[in-house]
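The values are calculated or read from the model by the stated rules, or taken from the named source; none is laboratory data. Being a predicted model, the structure only gives us computed values, none of them experimental. Please note: Cβ atoms are built from the backbone with ideal geometry, for glycine as well, and neighbour counts cover all protein chains shown. Heads up: the accessible areas ignore ligands, DNA and RNA and are worked out on the full protein's heavy atoms, side chains in. Shrake-Rupley method; radii C 1.70, N 1.55, O 1.52, S 1.80 Å.
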Amino acid sequence: MAKDRNTSDDFVRPIRRILIGLLVVALFGVFLLWRIDSPRVERFRAALVDRFVPSFEWALVPVTKLAGMVEDFQSYARIYDQNQELRRELQQMKAWKEAALQLEQENAKLLDLNNVRLDARLSYVTGVVLADSGSPFRQSVLLNIGARDGVIDGWAAMDGLGLVGRISGVGSQTARVILLTDSNSRIPVTIQPSGQTALLAGDNSATPPLEFLENQDQVRPGDRVVSSGDGGVYPAGLLVGHVAQGSDRRLRVRLAADYERLEYLRVLRSHADERISDPGGLVVPNPLPPISPPGGDGG
Amino acid sequence: MIDHFTLHKWLYRGLLVALTVLDIFIRVLPLGEGRGTFPGPELLLCVVFAWVLRRPAYAPALLIAAIFLTTDMLFQNPPGLWPGLVVLGAEFLRVREPLSRDLPFAIEWGMVAGVMVIMLLAERMILGVFMVEQASFGLSALQLVMTVAIYPMVVFLSTFALGVHKLQPGEADAMGNHV
């Protein structure tokens with residue numbers, strides 16, 4: 001018996017080793033394929049998520065509701081404190097409301113004087129956060145709207161207050177939003193009173209740092225940070241957050257969107273900007289024909 | 001009629017798939033858990049290694065590859081690299097399964113920890129060579145420490161709750177080729 005097993009092992013072991021080798025090579029091949037032809041694999045990934053995650057929804061909903069109930073119940077415990085706090089805040093808000101009304105009137109007057117046209121083409125689709133497969137390594141959420149609602153890669157997603165992230169990966173019924181805090185996220189921003197531009201670079205922490213800032217002295221903690229619209233990535237002027245100084249003396253941005261509870265996100269329909277590509281007849285009276293690429297007419 | 005051992009083998013393989021689905025389900029829940037704070041341990045990796053060192057037949061290489069490729073796909077990791085390393089690590093341990101039957105648990109733990117460290121280093125090196133954006137080393141190391149720390153717990157649970165215990169000397173002969 002024992003001898004039998006040994007002889008069969010002699011045949012089985014090398015074959016097994018070859019098969020395992022093939023399996024590992026195939027897996028590394030997938031990795032290589034992803035590295036070489038990322039869009040195709042990412043499309044496959046989006047399709048897979050599209051199939052897989054909504055099938056969990058029947059179970060996701062009760063668990064989420066339950067978690068919400070537990071949270072609500074905890075909040076009952078400190079209801080008195082909350083009430084006091086809300087009253088105080090309400091007082092402050094009333095003062096702010098007066099100020100806001102006055103400012104709104106003033107703003108309307110000034111806009112009228114300037115004949116400013118606000119961009120009327122910004123409309124939005126609202127989606128519910130289906131799941132967040134967030135981890136300390138990847139910061140993204142999944143929305144229940146996708147290609148069938150007309151969502152396109154690259155559109156901006158906001159909650160009620162501020163920018164949350166951008167669409168990256170669209171399935172037919174789901175779309176993934178890469179949050180501003182993800183380490184792959186870079187967006188061009190303007191810091192408001194000083195008008196300086198910088199890059200908001202996510203680093204997986206709750207407060208992403210500002211990079212490529214020209215003059216740090218002109219920026220103070222508390223300044224507003226809005227998207228600048230450079231490079232056509234986002235519409236300009238969306239509120240991102242406020243500047244804060246981290247413990248390491250780097251300038252970071254405290255995001256305006258409430259990342260703790262992302263429930264409904266609005267995805268802004270943005271349209272490609274019109275671009276001015278030719279120099280114009282007045283500047284160059286007789287423009288030369290475009291230069292054909294070298295080697296194009298050689299063969 | 002189905003052989004007793006074969007039935008068990010397939011039952012436990014099904015159980016492994018069920019554990020995977022549970023793990024994915026918990027990680028996909030919109031509770032905002034673990035967001036930007038503390039990386040949780042990789043439970044599936046512990047389960048797979050614990051089973052490979054106890055009953056290799058319960059965790060075949062193809063199933064391991066499928067499980068980790070699926071989680072990679074769903075959680076936005078670079079697909080294929082980590083599953084490949086997990087399969088290699090599991091095979092390394094699988095070959096040493098007969099050896100580890102008589103060893104104390106501490107040595108098994110050390111062996112598993114060593115394999116995990118090498119896997120992590122290999123992953124980071126390959127990602128570095130291919131110039132893929134990766135998380136900070138501190139975070140990955142922290143996750144590794146958590147995974148290694150949770151391993152005895154996983155072994156305890158899978159032994160006493162799921163009944164995956166080490167082969168006794170007599171058992172191995174009785175099961176013959178089903179080990």
Original post:
Does at least one position in region A:65-82 carry a residue that is in a loop (DSSP other than H, G, I, E, B) and either of a type in the set (A, V, I, L, M) or over 14 Å from A:Tyr264 (Cα atoms) (or both)?
Top reply: yes
Original post:
With respect to B:Leu63, is the statement that it is free of Cβ contacts under 8 Å to residues at least 40 places away in the same chain and more than 9 Å from chain A (Cβ to nearest Cβ) true?
Top reply: no
**OP:** Would you mind stating whether A:Glu57 is at pLDDT below 80, within 11 Å of chain B (Cβ to nearest Cβ) and in contact with a strand residue (DSSP E or B) (Cβ under 8 Å, 6 or more places away or on another chain)?
**Re:** yes
**OP:** Run down A:Asp203, A:Asp153 and say which single residue is under 19 Å from A:Leu251 (Cα atoms), assigned to a loop (DSSP other than H, G, I, E, B), acidic (Asp, Glu) and in contact (Cβ under 8 Å) with a residue 12 or more places away in the chain.
**Re:** A:Asp203
Original post:
When only residues in region A:200-214 that are open to solvent by less than 50 Å² (accessible area, probe 1.4 Å) and at pLDDT 85 or above count, which is farthest from A:Glu260 (Cα to Cα)?
Top reply: A:Leu213
